[in-house]
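The values are calculated or read from the model by the stated rules, or taken from the named source; none is laboratory data. Since the model is a prediction, treat every value here as computed from it, not as a measurement. Neighbour counts run over all protein chains shown; Cβ positions are idealised from the backbone, glycine included.
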Amino acid sequence: MKIALVGIGKIAVDQHVPAIAASPDWELAATVSRKGSVDGVESFSDFAAFLAARPDVTVVSLCLPPVPRYDYAEAALLAGRHVMLEKPPGATLAEVHALQAMAAARGLTLYTTWHSRMAHAVAAAKAWLADKAVTRAHITWREDVRKWHPGQDWVFEPGGMGVFDPGVNALSILTEILPAPVHMTAATLEFPANRQTPIAAQLRFSGNVTADFDWRQTGPQTWDITVETDRGPMALRMGGNVLEIDGKVAGGENSIMGEYPALYARMAELVAAGQSEVDLAPMVHVADALTLGRRVVVDSFDF
């Protein structure tokens, strides 16, 4: 199937382009971006011009930042195209609900992707926890914003979500693997004095679940979820790619490169089946944190 990639920035170049190139299901037929392009692929700088010129491209993958994404998704759906959304799927919950209704009314596929759920050990962790009682869980998600979003000021603008841009990856795993749902009960959010979104967050959920997100960690990055149960401890390391049970490695792979190919394989399945997959559980936790969060002002941050 022919697919267009909209927003040729760092995540598109690092993950989406190679995933599509390696897929037996997809042909990258066009790109839309104000600056970026992909060698050998027709490029457009205007989305409306693309839609008019390439009716043969029936699927659109949106890699834009969350705030402008709704207008593109709406235009694509109104033009009869299936839509795949990079995480988080939108700047607000309401706009994704609107897109879901729009896709359903037109018989189109809408897929809200959560790439960390495709990490190598997530399915095994979910299966291991399924028949156990969770007594405690903790997320430690600490990384370097300068490494992953160099110079991208939009992440600190309203709708950019700040540290929840990576933190929602952890929340997507948490909502996938826990045998029972949890809800936010308290949050402390650290805002740089010169920024509109938090650079760190400490979260508390029901069920004795806590989380520590920080975007200021240099050197080795930390993406861990530890879970204590009535039958021993479990941990996910490397962003869900390595599973530990009772402190010993029990599965997974020390690589994060398999996540995006799995997303595109799933999108192919959804389009073929005429189905959508819209899960907003991780984003609900982000919205709740921003609602409940106690604001703490910390040192200014600049790239």
(request) Kindly indicate the residue of region 282-297 that is among the aliphatic types (A, V, I, L, M) and assigned to a helix (DSSP H, G or I) and also nearest to the chain's Cα centre (by Cα) among those meeting that condition. (result) MET283
(message) Regarding region 129-141, can at least one residue be identified that is modelled with pLDDT of 95 or more and assigned to a helix (DSSP H, G or I)?
(response) yes
(message) If a residue must be part of a strand (DSSP E or B) and either more than 14 Å from LEU203 (Cβ to Cβ) or among the aliphatic types (A, V, I, L, M) (or both), how many such residues does region 142-180 contain?
(response) 1
(message) One residue is enough: does region 17-34 have a residue meeting the conditions assigned to a loop (DSSP other than H, G, I, E, B), out of contact with any helix residue (DSSP H, G or I) (no Cβ under 7 Å at 6 or more places or on another chain), more than 21 Å from ALA265 (Cβ to Cβ) and among the polar types (S, T, N, Q)?
(response) yes
(request) Inspect all residues belonging to region 47-55 and state whether any of them is outside any helix (DSSP H, G or I), assigned by TED's automatic domain parsing to the domain that holds ALA94 and either out of contact with any Phe, Trp or Tyr (no Cβ under 9 Å at 6 or more places or on another chain) or under 26 Å from MET118 (Cα atoms) (or both). (result) yes
(request) With the condition kept exactly as written, say whether any residue in region 100-116 is without any contact (Cβ under 8 Å) to a residue 60 or more places away in the chain and assigned to a strand (DSSP E or B). (result) no
(request) Give region 19-35 a look and list any residue that's closer than 19 Å to VAL57 by Cα and without any contact (Cβ under 8 Å) to a residue 12 or more places away in the chain, or say none. (result) ALA21, PRO24
(message) Just to be sure I understand, how many residues within region 117-144 are surrounded by 15 or more Cβ atoms within 10 Å (Cβ to Cβ), more than 20 Å from HIS16 (Cα to Cα) and in contact (Cβ under 8 Å) with a residue 12 or more places away in the chain?
(response) 17
(message) Please determine whether any residue of region 186-204 is under 21 Å from ASP230 (Cα atoms), β-branched (Val, Ile, Thr), outside the structural domain of PRO89 (by TED's automatic domain parsing) and part of a loop (DSSP other than H, G, I, E, B).
(response) no
(request) Give the number of residues within region 56-77 that are part of a helix (DSSP H, G or I) and either over 17 Å from ARG106 (Cβ atoms) or not aliphatic (A, V, I, L, M) (or both). (result) 8
(message) Scan region 82-98 and tell me whether some residue there is modelled with pLDDT of 95 or more, crowded, with 20+ Cβ neighbours inside 10 Å and more than 28 Å from PRO158 (Cβ to Cβ).
(response) yes
(message) Quick check on my filter: what residues within region 15-46 are out of contact with any Ser or Thr (no Cβ under 9 Å at 6 or more places or on another chain) and either of a type in the set (D, E, K, R) or not assigned by TED's automatic domain parsing to the domain that holds LEU99 (or both)?
(response) ASP25, GLU27, ASP39, ASP46
(message) Name the single residue that is surrounded by the most Cβ atoms within 10 Å (Cβ to Cβ) among those in region 229-281 being among the small types (Gly, Ala, Ser) and assigned to a helix (DSSP H, G or I).
(response) GLY240
(message) Please pick out the residue among VAL168, VAL122 that is at pLDDT 95 or above and in contact with a strand residue (DSSP E or B) (Cβ under 9 Å, 6 or more places away or on another chain).
(response) VAL122
(message) Just the residues that are of a type outside the set (Lys, Arg) and touching a Ser or Thr at 6+ places or on another chain (Cβ under 7 Å), please, taken from region 54-82.
(response) HIS82
(message) Return the residues of region 165-180 that are surrounded by fewer than 20 Cβ atoms within 10 Å (Cβ to Cβ) and farther than 18 Å from ALA121 by Cβ; say none if nothing qualifies.
(response) ALA180
(request) Pull up region 1-17, narrow it to residues that are within 12 Å of GLY36 (Cβ to Cβ) and β-branched (Val, Ile, Thr), then point me to the one that is surrounded by the fewest Cβ atoms within 10 Å (Cβ to Cβ). (result) VAL13
